[in-house]
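Structure first, commentary second.
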Amino acid sequence: MVVVMESPPKSQTRLRKTLNPGLTPTALPRRQTSAGFMILAMILFAIGGGFLGPSLVLGAGLCSWIAALLLWRRLARSQLILVITLIGLGVTGIVIGHISGQPLPIDRVISRNHALLSMLAAVSFLRMVTFSSLPTDQQYPKGEKSYLRTLLGLHLFGSIINISALQIIGDHLRRRGPLDLLTALLLSRGFSTCAFWSPFFGAMATSITYAPNARLGVLMLTGIPLAVMGLGYTWLSARIKDTSHLQTFCGYPLQMEGLLVPLLLTSGVLGLGALQPALPTLTIITLMALIVTLALQLYRSGIRSTWLQINEHLTHRLPTMSGELWLFLSAGVLAVGLDQVVVTTGLTLPIESFNATTAIGVLTAMVVAAAMGVHPIISISALSSLLSPLSPDPTLLGIIFLASWSLGVVINPLSGIHIIMQSRYDIAAVKMVRQNGGYVLTLLLATAALLQGVEYLMD
């Protein structure tokens with residue numbers, strides 16, 4: 001499931017509309033402003049921890065919890081119930097472990113998912129430089145080529161700026177009338193396939209966090225073919241279902257300039273990773289997201305405009321991460337609690353070894369859980385603890401985590417994608433889930449074949 005950035009309360013929206021562009025942080029609610037700067041501090045501590053060691057990691061974790069506490073009032077009721085449930089289960093596991101003689105893992109609770117959250121927050125800054133690459137007023141092309149360019153453009157932009165790309169392109173397509181189901185499927189699948197490979201996606205950050213020895217380059221190489229297959233399936237199914245729809249499709253153009261940010265980021269991440277292999281992957285991604293944003297913004301707009309944009313992002317955009325903060329922090333507490341239970345009781349899954357066949361079964365179970373409304377981060381954090389006694393191969397583990405995220409968000413009726421489709425574009429989530437059944441099954445089989453192939457090559 002993709003976490004939807006929560007919209008600010010109506011009172012804050014009205015406040016922003018009445019104030020001028022030079023709005024200062026002091027004019028905003030203190031909690032919101034303070035939370036934004038706490039998230040920035042979390043990012044900086046996380047980067048420092050990657051270079052200087054664990055002494056700064058605890059600082060990043062503390063900043064993330066402080067920011068979350070400042071923003072807890074922004075949580076919807078359903079989010080609050082989920083967070084309380086996850087933390088309650090995690091604390092129960094920690095207490096069980098402590099009663100059995102395990103030390104209290106306070107430091108792990110504080111800093112469990114700090115690197116993941118720092119990467120997501122740093123990547124959000126890319127909105128500042130990516131949106132300027134998106135065309136607004138030019139004539140929209142028509143036809144099957146337009147469909148393909150829209151699908152590819154959404155995929156590339158989505159791989160960088162996350163779900164914002166879906167909303168931007170979806171809003172532009174809606175200008176010419178209500179979205180139909182085939183267009184909605186283009187949006188959801190074009191975006192969700194990013195989770196198979198994008199290093200700037202929450203799925204990759206989660207996979208690397210819970211399969212820590214997985215190599216980014218390997219996961220990208222194995223994920224790209226699955227993403228291509230997902231995009232190809234979407235295009236071919238659209239041709240089969242309604243050829244006239246493709247011939248009259250009025251799409252969103254992909255410009256070559258728009259490829260600059262993805263190319264810079266991917267090259268920078270892979271290059272720095274090769275030069276500094278000891279650096280944690282999430283540290284590299286977090287750092288490169290900030291460097292590329294700052295460099296491009298300074299080049300395009302100058303110092304003053306860059307400062308205003310950063311200030312706007314700190315005080316308005318970062319505080320909308322309340323949902324992500326609480327979800328990943330509470331999932332971290334759950335994971336630590338399960339770790340304690342596993343160590344104390346020896347609790348394991350009824351599996352003797354973790355191989356490709358086992359991985360396929362686990363992935364299938366995760367997709368089924370997603371169809372029942374379970375968030376991927378919950379499945380991943382729980383299974384990582386239960387599978388740890390088997391010492392699973394990190395590559396196989398990383399692949400199924402990525403695939404469970406990509407397939408889970410299109411089969412989960414409560415996912416962020418479907419919430420947006422239903423609330424913003426009036427496309428029923430139930431219809432989307434039904435249409436995605438064959439797609440998910442096909443990609444699940446493709447992932448199963450990939451897992452078998454990867455295991456064969458490793459052997």
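Figures for the structure shown
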quantity: Residue match in the range 439-457 (condition: at pLDDT 95 or above, buried (at least 24 other Cβ atoms within 10 Å of the Cβ) and closer than 21 Å to residue 159 by Cα); calculated: yes
quantity: The range 91-133 - residue that is hydroxyl-bearing (Ser, Thr, Tyr) and either surrounded by 15 or more Cβ atoms within 10 Å (Cβ to Cβ) or part of a helix (DSSP H, G or I) (or both) and, of those, farthest from the chain's Cα centre (by Cα); calculated: 92
quantity: Only listed residue being of a type in the set (A, V, I, L, M) and within 21 Å of residue 323 (Cα to Cα), chosen from 429, 448; calculated: 429
quantity: Residue that is assigned by TED's automatic domain parsing to the domain that holds residue 115, under 21 Å from the mean Cα position of the chain (by Cα), closer than 15 Å to residue 43 by Cβ and assigned to a helix (DSSP H, G or I), where the choices are 270, 265, 290; calculated: 290
quantity: Candidates 409, 368, 374, filtered to the one that is free of Cβ contacts under 8 Å to residues at least 24 places away in the same chain and closer than 23 Å to residue 191 by Cα; calculated: 368
quantity: Only one of 268, 190, 251 that is of a type outside the set (Asp, Glu), crowded, with 22+ Cβ neighbours inside 10 Å and more than 30 Å from residue 367 (Cα to Cα); calculated: 251
quantity: Some residue of the range 331-345 being in a helix (DSSP H, G or I), under 30 Å from residue 434 (Cβ atoms), among the small types (Gly, Ala, Ser) and under 21 Å from the mean Cα position of the chain (by Cα); calculated: yes
quantity: Unmet criterion (only one of (1) in contact with a helix residue (DSSP H, G or I) (Cβ under 8 Å, 6 or more places away or on another chain); (2) over 30 Å from residue 52 (Cβ atoms); (3) modelled with pLDDT of 90 or more) for residue 232; calculated: (1)
quantity: Matching entry among 195, 121, 203 (being assigned by TED's automatic domain parsing to the domain that holds residue 340, of a type outside the set (Ser, Thr, Tyr) and at pLDDT 90 or above); calculated: 121
quantity: Helices (runs of 4 or more DSSP H) contained in the range 1-74 and holding at least 1 residues outside the structural domain of residue 161 (by TED's automatic domain parsing), within 24 Å of residue 203 (Cα to Cα) and modelled with pLDDT under 95; calculated: 30-52, 57-70
quantity: Only listed residue being among the hydroxyl-bearing types (Ser, Thr, Tyr), at pLDDT below 90 and surrounded by fewer than 22 Cβ atoms within 10 Å (Cβ to Cβ), chosen from 237, 301, 305; calculated: 301
quantity: First in the range 328-341 and at negative phi, second anywhere and among the aromatic types (Phe, Trp, Tyr) and part of a helix (DSSP H, G or I), Cβ under 9 Å, 6 or more apart; calculated: 329/65; 335/210
quantity: Candidate set: the range 389-429, residues that are small (Gly, Ala, Ser) and outside any helix (DSSP H, G or I); chosen: the one farthest from residue 231 (Cα to Cα); calculated: 391
quantity: Options 195, 184, 203, 227: the member that is more than 18 Å from the chain's Cα centre (by Cα) and small (Gly, Ala, Ser); calculated: 184
quantity: Hey, residue 100 of a type in the set (S, T, N, Q) and either modelled with pLDDT of 90 or more or under 20 Å from residue 336 (Cβ atoms) (or both) or not; calculated: yes
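The values are calculated or read from the model by the stated rules, or taken from the named source; none is laboratory data. Because the structure is a prediction, the values reported are computed rather than measured. Every residue, glycine as well, gets a Cβ built from its backbone with ideal geometry; the counts of neighbours run over all protein chains shown.
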